[in-house]
Each structure stands twice: as structure tokens, then as C-alpha cells.
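Contents: one structure, followed by commentary.
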Amino acid sequence: MQLSRMRLTTKNILFPSVLIGVYLLGWYIQSQLLFNWDVSWLTHVARRLLAGGSYTKDFFELNPPMILYLYIPIVLLTKYTSLSVMIALRIYIYFLASISLLICYWLAKKIFSAANKNTAPVVTIALAVSYIILPIYEFGQRENLMLMFVMPYFLLVANRLEKISINPVFALLIGIIAGIGFAIKPHFVMTFLLIEVYRVVKTRRLLAWINTEAITIMSILCIYLVSIYLFHRDYLTTVVPLAMRTYYNGIAMPWYMLAQHIVIPFSCLTIAFYFTNYQKNPFKIFSNILLMALIGFCIAYFSQHTYWHYHILPLFSISVILAALLFNNLIEQKELPIYKLLSFGLFLFIIPVLYSYILFVIAIEFKESAQKLIAFMQEHAKDKSIYLFSSTTVYLFPEIDYSNATPASRSEALGWIRAIVKQQGPKAKEDTQYFVNMIAEDFNTKKPDYVFVDVQKNKSYIEDVNFDYLKFFSHYPKFTQAWKSYRYLATIDNEPKYKFEIYQRVH
């Protein structure tokens, strides 16, 4: 009796202890890394939106407004407290992750309690790892938030198909949360459609998609689209057409290169594990839902044409969650000796562990390489405004946040340069004139104190062209007039990482 109580106590302590360990490890990882550059920029855009800004007048941002709405709490935290934006982000993400995990654990216990009480904690820990550990330097990115918002919906659908009753109000709440998650990017909607198709096939009812959560999600998406048209029409009429002509033209990668990402073989291995153990899997429905999500996020990854970690993060995370669920089932079957289980577990999870570790090392090196820029900004540009001439933002955002500097530009970087230089489209001249006019207006109205000009020979995404920003812009009178107020100050050189010439406003 006493031994039984000890086992029960150990079991009850183990789950929260591991969960706390994941939270602490995640906090440690983020404390060693720089704030993510995209999140840094988008928090500045959210601040402008909160102040009444618009897409073309105050910022030129490719993302639809949902992510800006979601970053507003970070802006408010920094405004009404003494917290830095970096700490505010961590608190905010941990809060969202905790709410999502609580809902998911409650739903998971309903599915797994009858067959295996260990499965709900295992799935919840896998979710926590996916939310907090796997993003590494993409912590707080759009895909990171999306996964937290939509995972309760995945588990809710599993409950429905297991014929477990769910309170309609709770289903409505989960539908609202999931609708927000799927709305962050249009690429995510495919996953929602695949899961609802699976629901129809599984129930053999054509109208099975007519339920509280699915209707709520579709309503949220429709209301969101209408709100964009009503309140952010310039995003649809100006930003989207320009982005379609200039954004992917400069960075798009062929599918065969995207397929070489290390996460792809891990996902394929997880799918193979899924099929080979399908007959012995007691949780087929939830596994099938995760498979649909895996396929949907794989489509989203390839449709974005880039190799970046945050684009593949949802696929990576779902693969880890599904692999953890299947491996836990394998342990519970008690058919393999311990050494075979350990060997297979090592084989199964070696890729995500090594990949995450490599990303962490790269992020540490990135932080070290950025110290020259941070030191310069803290000495010269504290509380000043800064403009960037570069095709990428990774070496100015988030560095400005460590010196309380302010970006003076309407756009994150001059990403359109990549397309203009590489591919002269039918509207290239018109598009170039639009962006040059925007830059000249920014200089005349914002009057940035410092301008950082990328002067590396091999610039990001235009490595094969020795492009000179100032020479290019000197052909446009509006820019040359605005540039008369600037004088060369210094050069910060940390090649091959970056090389910037810095110009200061003198009058």
C-alpha cells in the first residue's frame, strides 16, 4: 500500500516537474539569444497601428493585420510597465502557451484517460516543447503563435469524433481562438480545410462540418476579411499587388531545394512510423488529425518558397508531437525490450535534437557577431531614429531595441530591391518609383538621425550583383535632395556577416 502511494506521488510530481523544466529551459534559451528581428519590426509596426497608423501612410508591411493585433499586448506591456520589449514578449508568449496547454491537457485527458492515463501528459509535454523550445530564435514568430491558437481545435475535433460531448460555449471559445490562429496567414487555412474534410470522411456525413467550432472559425475568417476591406483597404489595393510582384521574385527557392531541409526526412520518418504502427495505435483518430495537420503545414511550407526555420516550424512541431504520441504508444505496448526502445527512440528523435542544437549554436554566433552594431547604437544612437538600406533586416532589427532607437522607415527592409535587381518585370519602373518616393518622404518627414547602408559586396539575396544603394538612389532627384543633409560618419565591418557605412544627419 505504501509502495503504491509512493509510485502515485512520483507519477503526480513527474509531469509538472518536466513541464516546469521545459519552461525554465525555454527561458534560458531565450536569455542567451537576441530578440527575433521579425518580431522586433512587427512590434514597432503594431505600435504605429495602435497610434492610428495605416498600411501605406505609416508602414509598409506584407503581413495582414492579425499579427499586428496580436502584438499589441506586448506594446501595451512595455508602455505601462518598465519591462523591455524582450521580456514583455517572453511573458506574453508564456501566458499564451500556458492557456493553450491548459485547454489541450483538459481535452487530451478526455480522449486518453480510458486507455492510457500517461498519454495526456506526454502529449502536453510535447506541445510545451513545440511552443517554447523548438522555435529557438524564431520565438514569438507568427507560426509559433498560430500553433498555440489552433492546437486546442485539433484536440476538440478528436473529442468530437470519439463521440465525447463538449460544452457548446467551450467549443465556441476554441473556435474563436482557432479562427484567430488560422487568420494569421492565409497559408494556414489549408490545414483547417483538410481537418474538416477528414471529419466529413470519418463521419460519412457531408454536413459534418456544420458544427460550433468550424462555423465559428469560418465566421472569424469572414469577419476578418471584411474588416481588412473596411479598415485596411490600402493593404489590399497597394501592398498586396506590390508584394506579389516584388517579394517572392527576389527570394523564391525551387521545390527540390526546399525538400532538402532536414525537417523533411524527419517528417517522412514520422509518417512511416505512423503507417507501420497504425493497426496497434489506440489513438487513430487524433493521430489522423495530426497527420492532416502535418500535410497542411507541409503545403504551407512549400507554398511560401523559402527555407526559413519559422516557415517550416509548424511542420516540425506537428511531426515532433505525432512522433512523441506514437513512441509513447510503443512504450505502452511493452512488446520491445528496453534496449530496443532506447535505440529506436534515439534514432527517431536524433534529428530534431541535433537540428535544434545547431539552430541554437547559430543563434549564439549571430548574437556575438551583432555586438559591434549594438555597441555603436548604445553609444551613438540611443533614443535616436535609424534608417536601413539593406535587403535584409537581420543585422539592424532587433539591435535597435537594445538601444531604445526607433526605426524611421515605413518598411522593414528594402526587400523589393531583390526583385528589381534580379528580374525586371513589366511594372518594375513604376514599382521602383513608388518605393523611392516612399523613402524620400520618410527622410523628409521622419528625418532619421542615422542611416545604415549595407556596403558588402555579396549582399543577402543579391550575392551575384555588386549593388550600390547610394549610386542607385542618386538617379532620383527626390532622394538626392533629401540625402543632402547626411554626411559619412563611420564604417562597421564584421565581414562576411555584415559591413555598414553609417551616415549622420547634420542639419
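The values are calculated or read from the model by the stated rules, or taken from the named source; none is laboratory data. What you are looking at is a predicted structure, and each value in this text was computed from that prediction instead of being measured. Neighbour counts run over all protein chains shown; Cβ positions are idealised from the backbone, glycine included. These area figures cover heavy atoms from the full protein model, side chains too; ligands, DNA and RNA do not enter into them. Shrake-Rupley method; radii C 1.70, N 1.55, O 1.52, S 1.80 Å.
Here are a few things to note about the model shown:
- Scanning the range 327-345 for residues that are touching a helix residue (DSSP H, G or I) at 6+ places or on another chain (Cβ under 9 Å) and either open to solvent by less than 60 Å² (accessible area, probe 1.4 Å) or under 22 Å from Val129 (Cα atoms) (or both) yields Phe327, Asn328, Asn329, Leu330, Ile331, Glu332, Leu341, Phe344, Gly345.
- Qualifying residue in the range 407-414 (condition: without any contact (Cβ under 8 Å) to a residue 60 or more places away in the chain and open to solvent by 10 Å² or more (accessible area, probe 1.4 Å)): yes
- Tally of residues being out of contact with any Phe, Trp or Tyr (no Cβ under 6 Å at 6 or more places or on another chain) and outside any loop (DSSP other than H, G, I, E, B) across the range 133-145: 5
- Of everything listed in (1) under 27 Å from the mean Cα position of the chain (by Cα); (2) among the hydrophobic types (A, V, I, L, M, F, W, C); (3) open to solvent by less than 30 Å² (accessible area, probe 1.4 Å), the single unmet condition for Ala208 is (1).
- Residue within the range 369-391 that is aromatic (Phe, Trp, Tyr), out of contact with any Asp or Glu (no Cβ under 8 Å at 6 or more places or on another chain) and more than 16 Å from Tyr450 (Cβ to Cβ) present: no
- Residues of the range 428-458 that turn out to be assigned to a helix (DSSP H, G or I) and not polar (S, T, N, Q), as a count: 14
- Meets criteria (within 30 Å of Tyr461 (Cβ to Cβ), under 25 Å from the mean Cα position of the chain (by Cα) and at pLDDT 95 or above) for Ala363: yes
- Residue among Thr237, Thr203 that alone is open to solvent by 50 Å² or more (accessible area, probe 1.4 Å) and at pLDDT 95 or above: Thr237
- Filter result for Gln481 (outside any strand (DSSP E or B) and open to solvent by 60 Å² or more (accessible area, probe 1.4 Å)): yes
Conditions tested, residue by residue: (1) more than 25 Å from the chain's Cα centre (by Cα); (2) assigned to a loop (DSSP other than H, G, I, E, B); (3) crowded, with 21+ Cβ neighbours inside 10 Å.
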site	(1), (2), (3)
Asn116	yes, yes, no
Tyr131	no, no, yes
Lys163	yes, yes, no
Phe170	yes, no, no
Gly175	no, no, yes
Gly179	no, no, yes
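- Of all the listed residues (Ala243, Ala272), the sole one being part of a helix (DSSP H, G or I) and at pLDDT below 90 is Ala243.
- Of the residues making up the range 136-186, those that are among the charged types (D, E, K, R) and touching a residue at least 12 places away in the same chain (Cβ under 8 Å) are Glu138, Arg142, Glu143, Arg160, Glu162, Lys185.
- Restricting the range 459-478 to residues that are of a type in the set (Lys, Arg) and part of a helix (DSSP H, G or I), the residue that is surrounded by the most Cβ atoms within 10 Å (Cβ to Cβ) is Lys478.
- Out of Tyr55, Tyr71, one residue alone is surrounded by 22 or more Cβ atoms within 10 Å (Cβ to Cβ), in a loop (DSSP other than H, G, I, E, B), among the aromatic types (Phe, Trp, Tyr) and modelled with pLDDT of 95 or more. It is Tyr55.
- Of all residues in the range 375-392, those that are open to solvent by 10 Å² or more (accessible area, probe 1.4 Å) and either outside any strand (DSSP E or B) or touching a Gly at 6+ places or on another chain (Cβ under 9 Å) (or both) total 9.
- Condition check for Ile29: assigned to a helix (DSSP H, G or I) and open to solvent by 50 Å² or more (accessible area, probe 1.4 Å): no
- Every listed requirement among (1) modelled with pLDDT under 95; (2) within 16 Å of the chain's Cα centre (by Cα); (3) open to solvent by 50 Å² or more (accessible area, probe 1.4 Å) is met by Phe35 save one, (3).
- Of the residues making up the range 226-241, at least one is out of contact with any Phe, Trp or Tyr (no Cβ under 9 Å at 6 or more places or on another chain), within 26 Å of Gly140 (Cα to Cα) and of a type in the set (A, V, I, L, M).
- Test result for Ile312, under 20 Å from Asn63 (Cβ atoms), modelled with pLDDT of 95 or more and of a type in the set (A, V, I, L, M, F, W, C): yes
- Residue within the range 348-363 that is open to solvent by 40 Å² or more (accessible area, probe 1.4 Å) and assigned to a loop (DSSP other than H, G, I, E, B) present: no
- Number of residues in the range 265-307 that are free of Cβ contacts under 8 Å to residues at least 40 places away in the same chain and open to solvent by 10 Å² or more (accessible area, probe 1.4 Å) equals 10.
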